[in-house]
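One structure below.
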Amino acid sequence: MVKTYRIAVLPGDGIGTEVIPEALRALRAVEARVGEIQFEFEEFSVGAAEYLRGGDPMPPATLARLRRFDAILLGAMGLPDVRWPDGTEMTPQLDLREKLDLYLGLRPVRLYHQRDSPLAGVSAGEVDMLIVRENTEGLFFSRRRRPRDGATQVRDTMRISRAASERLFRGAFREAARRRGLVTLVDKSNVLPSMVFFRSIFDEIAAEFPGVRTERIYIDAAALYLVRNPRRFDVMVTENMFGDILSDLAAGLVGGMGMAPSGDVGERHAVFQPAHGSAPDIAGKGLANPTAAILSAAMMLDWFGDLASLRGAEMIRNAVKRVYTNSVERTADLGGSLTTTQLGQRIVDGIAS
């Protein structure tokens, strides 16, 4: 029996409209080769361009529709020059995380070829980690609060709750149990009381997973260790803002944001997207790297969890690995001259072969 998945497609802004079509082509290649799975895509307009058209980057009717799909595939949202009246940039992707309760941010980082890393002496496969980021609170908790006119100080509040932390840590331990069995907690518990609380909950949840090893390091040390010895990490779990920063740092170790897929997962809903932004400086030029978008589609197939979709996810990852291992050709972000479509086609051909 063929399993059908309904996927909401949100290309968004800038290069999102260029990389998402390549991810859809990869999914169609999986569909053709596996034969036991098919996809129904429906596209929605969300983001800065939608705000310019209708005054709302994510209309309530669109959000209501998105809840009905099996998953959401997102490109990129926001443009630097399109802002709310108070000057803040629009971030409807954060609204999605909060309104759909996508508490578990998954940011896999893998090096496919040593030439793509700025680090000397690191070989393909030696950098292979998963950053697990809490998505619904932390230092992002107060992002909607606006300072009063004439304010002489502004405070951002970090919220750490037991409920959010417990489910975050359980998710991280489950991921580690499927990988190499190590969870590294990243916090700042030597300074912040909220992080002391965070660490105490981590210790409690760790006792539920005796087969998984643990370590605990501070955020500043984590940044140093990522650059000095990224091989040591398997699963890193941390607060929202820390995870935001470490994810970009880690992506830089394997070639940049064009190589950085992500998934934001809850109990009922999930959004998968390349971790990069809309990159308006290169939008429309065919320069964007579609690899992160294609690997995000593979993460979506993993999340579906049936045998056919798991096979498809592995096909995509193997195709990406072959392209980056067997060829020196790259897109501009990695020093090459391939267009978005050309690199996408190479990966699609690898899936089909």
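The values are calculated or read from the model by the stated rules, or taken from the named source; none is laboratory data. Everything numeric here is computed off the predicted structure, so don't read it as measured data. Ideal geometry is used to build each Cβ from the backbone, glycine not excepted, and the neighbour counts take in all protein chains shown.
Listed here are the residues, each with its yes/no results for (1) under 30 Å from Asn326 (Cα atoms); (2) of a type in the set (Ser, Thr, Tyr).
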position	(1), (2)
Gln114	yes, no
Pro118	yes, no
Gly121	yes, no
Asp156	no, no
Ser161	no, yes
Glu166	no, no
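Just the residues that are buried (at least 18 other Cβ atoms within 10 Å of the Cβ) and either at positive phi or touching a helix residue (DSSP H, G or I) at 6+ places or on another chain (Cβ under 8 Å) (or both), please, taken from segment 169-195.
If the condition is that a residue be buried (at least 18 other Cβ atoms within 10 Å of the Cβ) and either at positive phi or touching a helix residue (DSSP H, G or I) at 6+ places or on another chain (Cβ under 8 Å) (or both), then Phe169, Phe173, Val183, Thr184, Leu185, Val186, Asp187, Lys188, Ser189 are the ones that fit.
Which residues, taken from segment 312-343, are in a helix (DSSP H, G or I) and in contact with a Lys or Arg (Cβ under 6 Å, 6 or more places away or on another chain)? Let's see the steps before the verdict.
Of all residues in segment 312-343, those in a helix (DSSP H, G or I) come to 312-326, 332-334, 340-343.
The answer is Val323, and nothing else.
Of the residues Ala308, Ala279, Ala293, Ala319, only one is touching a residue at least 24 places away in the same chain (Cβ under 8 Å), touching an Asp or Glu at 6+ places or on another chain (Cβ under 7 Å), in the same structural domain as Leu343 (by TED's automatic domain parsing) and farther than 11 Å from Ala23 by Cα; which?
Testing whether each residue is touching a residue at least 24 places away in the same chain (Cβ under 8 Å), touching an Asp or Glu at 6+ places or on another chain (Cβ under 7 Å), in the same structural domain as Leu343 (by TED's automatic domain parsing) and farther than 11 Å from Ala23 by Cα leaves just Ala308.
Restricting attention to segment 1-16, report how many residues are buried (at least 19 other Cβ atoms within 10 Å of the Cβ), outside any loop (DSSP other than H, G, I, E, B) and of a type outside the set (Gly, Ala, Ser).
The qualifying residues number 5.
Select, from Gly284, Gly266, the only residue that is out of contact with any Ser or Thr (no Cβ under 7 Å at 6 or more places or on another chain), closer than 21 Å to Ala164 by Cβ, of a type outside the set (Phe, Trp, Tyr) and in contact (Cβ under 8 Å) with a residue 40 or more places away in the chain.
On the way: Gly284 fails: closer than 21 Å to Ala164 by Cβ.
Exactly one residue qualifies, and that residue is Gly266.
Which ones in segment 107-128 are hydrophobic (A, V, I, L, M, F, W, C) and out of contact with any Lys or Arg (no Cβ under 8 Å at 6 or more places or on another chain)?
Correct list: Val109, Leu111, Leu119, Ala120, Ala124.
So which of Arg107, Arg67 ends up being closer than 26 Å to Leu295 by Cβ, loosely packed, with under 15 Cβ neighbours inside 10 Å and modelled with pLDDT of 90 or more?
Arg67
Looking at segment 48-73 only, could you name the residues that are touching a residue at least 60 places away in the same chain (Cβ under 8 Å) and in a loop (DSSP other than H, G, I, E, B)?
Scanning segment 48-73 gives Arg67, Arg68, Phe69, Asp70.
I'm checking my understanding of the structure. Among residues of segment 74-93 that are touching a helix residue (DSSP H, G or I) at 6+ places or on another chain (Cβ under 8 Å) and not in a loop (DSSP other than H, G, I, E, B), which one is surrounded by the most Cβ atoms within 10 Å (Cβ to Cβ)?
Ala76
Given Met315, Met257, which one is touching a helix residue (DSSP H, G or I) at 6+ places or on another chain (Cβ under 7 Å) and more than 30 Å from Thr91 (Cβ to Cβ)?
The conditions single out Met315.
Could you grab me the full set of residues in segment 120-177 that are of a type in the set (Asp, Glu), part of a loop (DSSP other than H, G, I, E, B) and under 29 Å from Leu253 (Cα atoms)? Before you say what the answer is, go through the steps one by one.
Applying the first criterion (of a type in the set (Asp, Glu)) to segment 120-177 yields 126, 128, 134, 137, 149, 156, 166, 175.
Subset that is part of a loop (DSSP other than H, G, I, E, B): 126, 137, 149, 156.
Glu126, Glu137 - these are the residues of segment 120-177 that are of a type in the set (Asp, Glu), part of a loop (DSSP other than H, G, I, E, B) and under 29 Å from Leu253 (Cα atoms).
Of the residues that sit in segment 324-352 and are among the hydrophobic types (A, V, I, L, M, F, W, C) and over 20 Å from Leu24 (Cα atoms), which one is surrounded by the fewest Cβ atoms within 10 Å (Cβ to Cβ)?
Only one residue fits best here, namely Val328.
Just checking, does segment 228-237 include any residue being over 26 Å from Pro118 (Cβ atoms), touching a strand residue (DSSP E or B) at 6+ places or on another chain (Cβ under 8 Å) and surrounded by 22 or more Cβ atoms within 10 Å (Cβ to Cβ)?
Within segment 228-237, none of the residues are over 26 Å from Pro118 (Cβ atoms), touching a strand residue (DSSP E or B) at 6+ places or on another chain (Cβ under 8 Å) and surrounded by 22 or more Cβ atoms within 10 Å (Cβ to Cβ).
Read through the list (1) within 27 Å of Gly256 (Cα to Cα); (2) in the same structural domain as Leu249 (by TED's automatic domain parsing), then give the number of the only condition that Asp116 fails.
Result: Asp116 fails condition (2) only.
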